[in-house]
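Report on the following structure.
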């Protein structure tokens with residue numbers, strides 16, 4: 001049965017843009033190209049972390065889309081005759097696939113969700129689930145193109161089409177959260193209980209998730225920390241409180257790849273500052289240490305006017321219902337020398353523009369009026385393409 005057309009269906013006719021990075025990348029020196037390449041690899045290796053933070057089914061939906069792409073060699077139109085489907089059905093599915101890849105998950109990204117304390121609230125399209133405007137029969141037809149795509153669909157067809165859940169938020173009948181995984185619904189009080197223990201033990205929340213399980217009829221809460229290393233803490237330190245345990249190694253496979261790519265990027269760093277903050281990045285992602293991440297940022301902000309810019313890590317709590325756990329975020333950008341030159345020229349003429357403002361008064365404060373500083377402090381402008 002096809003889901004009815006509603007706010008949970010991706011909009012038809014979605015605009016798709018291609019980033020034009022090649023001319024700017026080609027202008028880099030050879031060392032800078034390698035540096036940008038390995039940073040971009042590190043960023044991409046973390047994409048599955050985002051998907052897992054969105055919903056448990058998102059990584060499998062991604063695999064299904066990619067398996068279909070490889071099965072038809074990227075020639076989607078060939079599926080019409082090969083799978084006995086219509087162009088309209090194929091277009092609807094590709095709209096869904098594009099929307100999924102844009103959001104790295106099957107829930108819309110919310111621009112308003114930088115600090116969500118109850119994502120069950122309606123926030124426009126943000127954090128709402130979207131499903132494809134196609135039938136189960138259609139999905140089975142296109143999945144029959146190969147044994148791999150058929151197996152991929154079988155893993156995910158139920159949650160792919162299921163509504164509810166309608167949105168991201170505290171787990172319940174109508175919402176779910178990738179920050180509280182598992183089949184046992186965890187309550188707000190139980191999440192708060194874990195937070196109190198974390199505060200007492202000085203454990204930062206940004207790179208953690210919390211899970212509830214029932215073991216031998218008894219409730220147990222697990223606090224999982226993102227790290228490539230999976231070895232337990234020594235001397236029983238993994239037991240934080242009665243029935244609350246600390247577990248390392250969340251997203252370990254992805255973070256191991258991230259660290260490997262960053263090690264390669266270090267070989268092509270342009271200065272000591274880049275080498276130092278990459279070293280701290282690696283320590284953070286390998287061990288889970290948020291202190292190491294904080295040290296990386298102290299050095300990162302001093303690396304001004306870098307040709308290749310970056311930001312990686314668990315940085316902002318975009319979609320955690322409690323508003324404290326952070327989504328993996330990664331952006332690699334290349335500075336556009338021509339645009340930076342124009343921006344600096346714009347800043348150089350700042351006094352001229354300030355004198356055109358409504359409150360500018362001739363003869364007062366060098367013609368800038370009473371509300372402006374006597375000396376304009378120009379920001380360090382950088383225009384990057386990622």
When restricted to 165, 159, the only residue assigned to a loop (DSSP other than H, G, I, E, B), out of contact with any helix residue (DSSP H, G or I) (no Cβ under 8 Å at 6 or more places or on another chain) and buried (at least 17 other Cβ atoms within 10 Å of the Cβ) is 165
| said: Just checking, does the range 212-225 include any residue being more than 17 Å from residue 43 (Cα to Cα), in the same structural domain as residue 327 (by TED's automatic domain parsing), more than 19 Å from the chain's Cα centre (by Cα) and free of Cβ contacts under 8 Å to residues at least 60 places away in the same chain? | reply: no
The lone condition residue 8 fails out of (1) in a loop (DSSP other than H, G, I, E, B); (2) under 28 Å from residue 182 (Cβ atoms); (3) at pLDDT 95 or above is (3)
Can you confirm whether the range 243-254 contains a residue that is in the same structural domain as residue 220 (by TED's automatic domain parsing), free of Cβ contacts under 8 Å to residues at least 24 places away in the same chain and more than 22 Å from the chain's Cα centre (by Cα)?
-> no
Taking the range 102-126 and the residues there that are part of a loop (DSSP other than H, G, I, E, B) and at pLDDT 90 or above, the one that is nearest to residue 164 (Cα to Cα) would be 106
Inset, instruction - State yes or no: is residue 273 in contact (Cβ under 8 Å) with a residue 40 or more places away in the chain, within 22 Å of residue 308 (Cα to Cα) and surrounded by fewer than 19 Cβ atoms within 10 Å (Cβ to Cβ)? - result: no
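The values are calculated or read from the model by the stated rules, or taken from the named source; none is laboratory data. Bear in mind that the values here come from a model prediction, so they are computed numbers and not experimental data. Neighbour counts run over all protein chains shown; Cβ positions are idealised from the backbone, glycine included.
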